[in-house]
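*Asks:* Dropping the structure in here first, questions after.
The values are calculated or read from the model by the stated rules, or taken from the named source; none is laboratory data. This is a predicted model, so every value here is computed, not measured. Here the Cβ positions follow ideal geometry from the backbone for every residue, glycine too, while neighbour counts run over all protein chains shown.
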Amino acid sequence: MDNDTENDCKSLKNINQVYKKIIDEIDVGVHVIDEKGKTIIYNPKMMQIEAMDHQDVLDKYLLDVFMFSSNESSTLVKALQKGIETSNVKQTYFNNKGEEITTINHSFPILQNGTIKGAVEISNDVTKLERLIRDNMNRKGNTRFTFDSIIGSSLAIQEVIENTKRSTRTSSSVLIVGETGTGKELFAQSIHNGSHRSSAPFISQNCAALPDNLIESLLFGTKRGAFTGATERPGLFEQAEGGTLLLDEINSLSMNLQAKLLRVLQEKTIRRIGDTEDKAIDVRIIATMNEDPIEAIAKERMRKDLYYRLGVVTLFIPPLRERKEDISLLVDSFISKYNALFQMDVKGVDTDVSESFQAYDWPGNVRELEHIIEGAMNLMMSEDIIHYSHLPIQYRNKSPLQKERHLIAPDPLTIHPSNQVIPLKEQMEKAEKNFIQQVLKENKNNISKTAQVLGLSRQSLQYRLRKFDIQT
């Protein structure tokens, strides 16, 4: 190698070192992918922004590491696939731990002779700023639901939605009645966000969560010295000034507290505990309960006069069993939600699952349906359709179609003469062993698949195989 060539090599090496030093030290994130979408440059600032290590990202496909919402693709991917340059674009996405990241990006393709050879993204971190803004909004409103969040086309739910929208025009008290899991708070937040109070605070309190003495001081506030340790503190009514106060499970309040609440509604004033003066308030009250108010009055769990005062507008949210035509829409919505969160591409459910959902009584309502979809997607491997075997075992045990499923084992709990009764524990173990053997057989002794179908971890299944001396 001649001197000129050697000097050129040293010069090139020095330039590369300078470039690397600059990329490592600059106070912006730099992320570069090659033409296949694999990361080739990932600087320390980008690691800090995204809370990732270089080994988590380098030489890996971008979309295998990060998750983007279904309606917003990566600006870096757009630059690679379509040659689109974007500047000062805010993007929110999730790292491999599921943590939300928000950045302002400048993304552009790397071109060589007119061919895209990769793409570069330069990012500024605004995650903390976004959280501060969101926290401030939460202190003021803490609402994220609107009428668009309510899923359902059935006549039953559409009628309630229409009546609820009408209630946004006034500041009258609203009583929302519905079983657990029907979405009462969703309706309450929609009322607030659809009203002229939407820019003011929305505060929610579960009345069953705390004992009476704490609930009272929480609602009405305290005067310094009212009791040992009492400080000058505004209650929820004062904190919700100009906005909405949601009192969840209102029927769990004691009759004494219900009487005090009635006075607040009538007089539109509150008095802090230990104080001698009343303070005027401007707060809309929305209350919820999970039982029929007439029954609650009859059983002395709710004052009749409070019911009449609260129930100026009374909304009855139908349980899911009374609007089963909405199940498919809800299922699609939940699948879409968890596809985005889990970075999956589930298309839907099979016929067995649909039939099972239609036959089920849904005691936990919409919340139970969402949990079942989430649980099923956690049990999926490479499939893109939710099958009956993916459904959580606790649901399958209650499903009216369970006996029709090929996974069910022959019933080992046969009736014995009274003088030959087998102890319950032994009967249960016998049933469990038979069921495991049946599922193992159906899955050709594949431990992983059997554990998945049973809703167990592989370790838990292996423990049971040893316990029951089941050979595979």
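*Asks:* Would you mind telling me which numbered condition in (1) at pLDDT below 75; (2) among the aliphatic types (A, V, I, L, M); (3) in a helix (DSSP H, G or I) residue 407 fails?
*Replies:* (3)
*Asks:* Any residue at all in the stretch 119-132 that's part of a strand (DSSP E or B), at pLDDT 90 or above and either over 25 Å from residue 54 (Cα atoms) or β-branched (Val, Ile, Thr) (or both)?
*Replies:* Yes, the stretch 119-132 has at least one match.
*Asks:* Could you tell me whether the stretch 32-43 includes any residue that is out of contact with any strand residue (DSSP E or B) (no Cβ under 8 Å at 6 or more places or on another chain), in the same structural domain as residue 114 (by TED's automatic domain parsing), without any contact (Cβ under 8 Å) to a residue 40 or more places away in the chain and not hydroxyl-bearing (Ser, Thr, Tyr)?
*Replies:* In the first step, residues of the stretch 32-43 are kept if they are out of contact with any strand residue (DSSP E or B) (no Cβ under 8 Å at 6 or more places or on another chain); the result is none.
No.
*Asks:* If you scan the stretch 278-306, which residues turn out to be assigned to a loop (DSSP other than H, G, I, E, B) and without any contact (Cβ under 8 Å) to a residue 12 or more places away in the chain?
*Replies:* We begin by selecting, within the stretch 278-306, every residue assigned to a loop (DSSP other than H, G, I, E, B); these are 278, 281-283, 290-292, 299-303.
Result: 278, 299.
*Asks:* Here is a follow-up. Condition check: touching a His at 6+ places or on another chain (Cβ under 7 Å) and surrounded by fewer than 20 Cβ atoms within 10 Å (Cβ to Cβ). Does residue 345 satisfy that?
*Replies:* Numbers: touching a His at 6+ places or on another chain (Cβ under 7 Å): no; surrounded by fewer than 20 Cβ atoms within 10 Å (Cβ to Cβ): yes.
Criteria not met by residue 345.
*Asks:* Consider residue 275 carefully, then state whether it is surrounded by fewer than 21 Cβ atoms within 10 Å (Cβ to Cβ) and either touching a helix residue (DSSP H, G or I) at 6+ places or on another chain (Cβ under 6 Å) or outside any loop (DSSP other than H, G, I, E, B) (or both).
*Replies:* On the way: surrounded by fewer than 21 Cβ atoms within 10 Å (Cβ to Cβ): yes; either touching a helix residue (DSSP H, G or I) at 6+ places or on another chain (Cβ under 6 Å) or outside any loop (DSSP other than H, G, I, E, B) (or both): no.
Against the criterion (surrounded by fewer than 21 Cβ atoms within 10 Å (Cβ to Cβ) and either touching a helix residue (DSSP H, G or I) at 6+ places or on another chain (Cβ under 6 Å) or outside any loop (DSSP other than H, G, I, E, B) (or both)), residue 275 does not qualify.
*Asks:* Do you know which residues across the stretch 430-461 are outside any helix (DSSP H, G or I) and buried (at least 16 other Cβ atoms within 10 Å of the Cβ)?
*Replies:* Initial filter on the stretch 430-461 (outside any helix (DSSP H, G or I)): 443-446, 455-457.
Selection gives 443, 455, 456.
*Asks:* Another question about this same structure. Please verify whether residue 398 is within 22 Å of residue 350 (Cβ to Cβ) and either modelled with pLDDT under 75 or outside the structural domain of residue 360 (by TED's automatic domain parsing) (or both), treating the condition exactly as stated.
*Replies:* Details: within 22 Å of residue 350 (Cβ to Cβ): yes; either modelled with pLDDT under 75 or outside the structural domain of residue 360 (by TED's automatic domain parsing) (or both): no.
No: the conditions fail for residue 398.
*Asks:* Follow-up. Mind checking which residues of the stretch 268-302 are out of contact with any Ser or Thr (no Cβ under 8 Å at 6 or more places or on another chain) and aliphatic (A, V, I, L, M)?
*Replies:* Passing the criteria: 270, 289, 294, 296, 297, 298, 302.
*Asks:* Now, a different point. Could you tell me which numbered condition residue 368 fails, if it satisfies all but one of (1) surrounded by 15 or more Cβ atoms within 10 Å (Cβ to Cβ); (2) touching a strand residue (DSSP E or B) at 6+ places or on another chain (Cβ under 9 Å)?
*Replies:* The single condition residue 368 does not satisfy is (2).
*Asks:* With (1) in a loop (DSSP other than H, G, I, E, B); (2) within 24 Å of residue 184 (Cβ to Cβ); (3) touching a Phe, Trp or Tyr at 6+ places or on another chain (Cβ under 8 Å) as the list, and residue 361 as the residue in question, which single condition is left unmet?
*Replies:* (3)
*Asks:* Can you find, within the stretch 377-395, the residue that is farthest from residue 330 (Cα to Cα) among those that are surrounded by 17 or more Cβ atoms within 10 Å (Cβ to Cβ) and touching a Ser or Thr at 6+ places or on another chain (Cβ under 9 Å)?
*Replies:* Among those residues, the one meeting the criterion is 379.
*Asks:* If you don't mind, there's one more thing I want to ask. Looking at the stretch 278-302 only, could you name the residues that are β-branched (Val, Ile, Thr) and in contact with a helix residue (DSSP H, G or I) (Cβ under 8 Å, 6 or more places away or on another chain)?
*Replies:* Residues of the stretch 278-302 that are β-branched (Val, Ile, Thr), as a first pass: 281, 283, 285-286, 288, 294, 297.
Within the stretch 278-302, 281, 283, 285, 286, 288, 297 meet the criteria.
*Asks:* Also, I was wondering about something else. Mind listing just one residue for me: the one in the stretch 84-113 that is in contact with a strand residue (DSSP E or B) (Cβ under 9 Å, 6 or more places away or on another chain) and outside any strand (DSSP E or B) and, of those, nearest to residue 48 (Cα to Cα)?
*Replies:* Residue satisfying both the conditions and the ranking: 95.
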